[in-house]
1. Please indicate, with yes or no, whether at least one residue in region A:58-69 is more than 10 Å from chain B (Cβ to nearest Cβ), closer than 18 Å to B:Lys190 by Cα, in contact with a helix residue (DSSP H, G or I) (Cβ under 6 Å, 6 or more places away or on another chain) and not in a strand (DSSP E or B).
2. For region A:18-54, give me the residue count where each residue is crowded, with 19+ Cβ neighbours inside 10 Å, in a loop (DSSP other than H, G, I, E, B) and among the polar types (S, T, N, Q).
3. Restricted to region A:114-136, and to residues that are part of a loop (DSSP other than H, G, I, E, B) and without any contact (Cβ under 8 Å) to a residue 40 or more places away in the chain, which residue is farthest from A:Gly29 (Cα to Cα)?
4. Taking the residues in region A:179-206 that are modelled with pLDDT under 85 and either touching a helix residue (DSSP H, G or I) at 6+ places or on another chain (Cβ under 7 Å) or within 14 Å of chain B (Cβ to nearest Cβ) (or both) as candidates, determine which candidate is farthest from B:Asn186 (Cα to Cα).
5. Search region B:68-92 for residues that are on the phi > 0 side of the Ramachandran plot and pair each with any residue that is β-branched (Val, Ile, Thr) when their beta-carbon atoms are under 9 Å apart and the residues are at least 6 apart or on different chains.
6. Scan region B:73-119 for residues that are within 24 Å of B:Phe145 (Cα to Cα) and in a loop (DSSP other than H, G, I, E, B) and jot them down.
7. Report yes if some residue within region B:174-189 is closer than 28 Å to B:Lys32 by Cα and surrounded by fewer than 23 Cβ atoms within 10 Å (Cβ to Cβ); otherwise report no.
Amino acid sequence: MAKITFDGIEVEVPDGTTILNAARKIGGGVVPPAMCYYTPLKGSGGKCRACLVRVAAGSTKDPRPMPKLVASCITPVQDGMVVENTTSQQVLDVRKGIVEMLLINHPLDCPVCDQAGECDLQNFAFEHGVSTTRYEEERRTFEKIDIGPYIQLHMTRCILCYRCVYTADQLTDARVHGVLGRGDASEIGTYIENTISNDFSGNVIDVCPVGALTDKTFRFKQRVWFTKPVNAHRECSHEKCNGHVTLWYKGKDVLRVTARKDEYGEVKEWICNECRFEKKETADWIIEGPAHIDRSSVIAQNHYELPVINPQVIADLPESTVRELEKNPPLKLGGPNGTSF
Amino acid sequence: MGRKLLTEHVNVEGIETFAVYRKHGGYRAVEKALKMTPEEVVEEVKKSGLRGRGGAGFPTGLKWSFLAKPEGVPRYLVCNADESEPGTFKDRYLMAKLPHLLIEGMIAGSYALGARTSYIYIRGELLYVLRILEKAIAEAYAAGFLGENIQGSGYSLDLHVHPGGGAYICGEETALLESLEGKRGNPRNKPPFPAVQGLYARPTVVNNVESIATVVPILNMGGDEYAKIGVGKSTGTKLFSACGHLNKPGIYELELGVPVEEFIYSDEYCGGIWKGRELKAVVAGGSSVPILPKELILKTAAGEPRLMTYESLSDGGFVTGTMLGSGGFIAMDETTCIVKNTWNFSRFYHHESCGQCSPCREGTGWLEKVLHRLEHGHGSMHDIDLIVSVAKQIEGNTICPLGEAAAWPVAAAVRHFRDEFEWHVTHPKEATQPGAVYRGNLVLA
């Protein structure tokens, strides 16, 4: 085990844990943003430089500070390490610069982009960026590439995080998809417009932090913040898929199906294309209940699920308070199964 | 003229063949090394004080001693012959003229590191050099210096030459290893460093051509003897590729410690600036090191004469100094437009950025576009501060040193030639005339 101090908070994690994951153990506002790192994908990280932090002391053995900022997503912790994230002005300034770099060639077409509302870049820019740009040149654009009936690849929006490349590499058997070109002309592509037709290809949509890869069956159907996420499952016949998904409802219609994600937007279980693209009737699914979205983006703004307060807590409250709460609830209180209190 | 250790026999007829090279004392270093233990060879290189000749100047012996040595796992020595820095062309010359010198160094180095297979990763454009090397390697195999049981010592080594695809980024050691493995040449995240997980995830040392070749004279004369050449921590001799507006551009082997002024003006070396013109600026170590104006390259800020050593060239940090880098010495005369030159450099880095990490991918393109605007008379004063700020946002925040290589020349050009940039803004008509050059007062604080 290694003990580190992150933004003045001490945390103990197993050896080999990255600084980012140690920070995630603390949670809350100190967690560095991550645009390319994705825990389930081997080899991801280190590319976007959004998670750069300052290591003020390397370890107990060697307490010298590291000369450069380090990418927290790939740097393992050392016992006695002291890391500064939000407490270092240098880190915050550099992060502002990274936002600027990521945005200079981004089309900023959020009003027509399906990802808006659940976009990592949008959140990142909102939290760390500035509202003006110093970039006057023409932005880089790409022709849209057709990669099959289900997925839309829109390279102009891509920030080259490589997540989809790792996904395609690690989930599917035949590699058909990678990065072509170099520098700011590099693009994600299936060489000479191959169709991606793998059973798990739809997962690249879930890992994409921006709107570069979107679901053709959901395109332009609805703004995501008007849809309601509901956890559901089904008996999936695919051997690698266990059918645990989130359904996104608008009224009675299932508009789209995605994998379930944790609070950092990382997929918990990969799902197959049949579940994702073809089962869009409520009757196909066994509903479990509302999905909780633990994020600060606009998609979390109209939470419709009831906040659950531990019944034990309520039982411990003085009776007068409970009666007061019943009469004039500040929030709706609910039991563990959504039963109203 | 100083001693020549690497290029002593370079003009001998047929030196690229095994027989002639052997007649002039070739492969003595290998014979000597095979009688020593590998540790003794490493110790000898350590004692010599040899610093990496590829640009960063990291002590080679120290790098060798860092190599992880787990039991039963292969280790590799990889020679970085992907020389693509604008202004640097010493390795090409060395390999084309003296292929056996590199091969001899590779054998001695591989023996010291315990490598059984070694690679020379050569820049794709140098196809003719690749053929020369392959021929020389075949000769070395035939003479029993490569292959099984070299000279009856029990040590075996296979040496391969692998051509790259012509990407500058593959000169970065981890990108080189990726490319050698057959993948896209993207630099890796560090740690793990190549000394622990390099080629095929095995411990690997990557050295520049000249560093490996220098092992030969070190072994021949002994590390202590070698360390006596040069000044302070800059020991030995180094090849410099002088180019630009010089009377006698070319490759010069110098004992480190020659004054810069002597190197530029003496007839023994570059013979002064061509056409009787004045020197304006020098890029001392390949295009990625900071440019210095005449006043600062000839003398340090303290007024001491600047020497061709690692320490003296970096005297004053980046405020008034530069770096020795890879030895690509570019001299510019008074007719050179620094803005155009800076734009040209940043165009190169824009083209060569691998596109993996965001500051470099986006920043190099941005720098090029703004510099293009400034050069063509469409810039504003704000743009000058903008490029400095963008360069600062790239520097130090990237995966590999290409970010710094792109940022340093821009920042240094504005630092030392700001008035010239401002002239491009205030006099766009004059500045865009063909051949127009700012000739204001270049006195610097």
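1. Within region A:58-69, not a single residue is more than 10 Å from chain B (Cβ to nearest Cβ), closer than 18 Å to B:Lys190 by Cα, in contact with a helix residue (DSSP H, G or I) (Cβ under 6 Å, 6 or more places away or on another chain) and not in a strand (DSSP E or B).
2. Of the residues in region A:18-54, 1 are crowded, with 19+ Cβ neighbours inside 10 Å, in a loop (DSSP other than H, G, I, E, B) and among the polar types (S, T, N, Q).
3. The first filter runs over region A:114-136 and keeps only residues part of a loop (DSSP other than H, G, I, E, B), leaving A:114-119, A:129-136.
Of the ones still in play, those that are also without any contact (Cβ under 8 Å) to a residue 40 or more places away in the chain are A:129-136.
Values: A:Gly129: 16, A:Val130: 19, A:Ser131: 21, A:Thr132: 24, A:Thr133: 26, A:Arg134: 28, A:Tyr135: 30, A:Glu136: 33 Å.
Looking at residues that are part of a loop (DSSP other than H, G, I, E, B) and without any contact (Cβ under 8 Å) to a residue 40 or more places away in the chain, I get A:Glu136.
4. Filtering region A:179-206 for residues that are modelled with pLDDT under 85 and either touching a helix residue (DSSP H, G or I) at 6+ places or on another chain (Cβ under 7 Å) or within 14 Å of chain B (Cβ to nearest Cβ) (or both), the one farthest from B:Asn186 (Cα to Cα) comes out as A:Asp199.
5. That search, which allows pairs on different chains as well, returns B:Gly87/B:Val283; B:Gly87/B:Ile330.
6. Answer for region B:73-119, where residues must be within 24 Å of B:Phe145 (Cα to Cα) and in a loop (DSSP other than H, G, I, E, B): B:Val73, B:Pro74, B:Arg75, B:Leu98, B:Gly114, B:Ala115, B:Arg116.
7. Of region B:174-189, the ones closer than 28 Å to B:Lys32 by Cα are none.
No, the conditions are met nowhere in region B:174-189.
Per-residue answers, yes or no, for (1) among the charged types (D, E, K, R); (2) in contact with a Ser or Thr (Cβ under 7 Å, 6 or more places away or on another chain); (3) not in a helix (DSSP H, G or I):
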residue	(1), (2), (3)
B:Phe329	no, yes, yes
B:Arg361	yes, yes, no
B:His378	no, no, yes
B:Ala406	no, yes, no
B:Glu430	yes, no, no
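The values are calculated or read from the model by the stated rules, or taken from the named source; none is laboratory data. Just so you know, these numbers come straight off a predicted model, no measurement behind them. We place every Cβ from the backbone using ideal geometry, glycine too, and count neighbours over all the protein chains shown.
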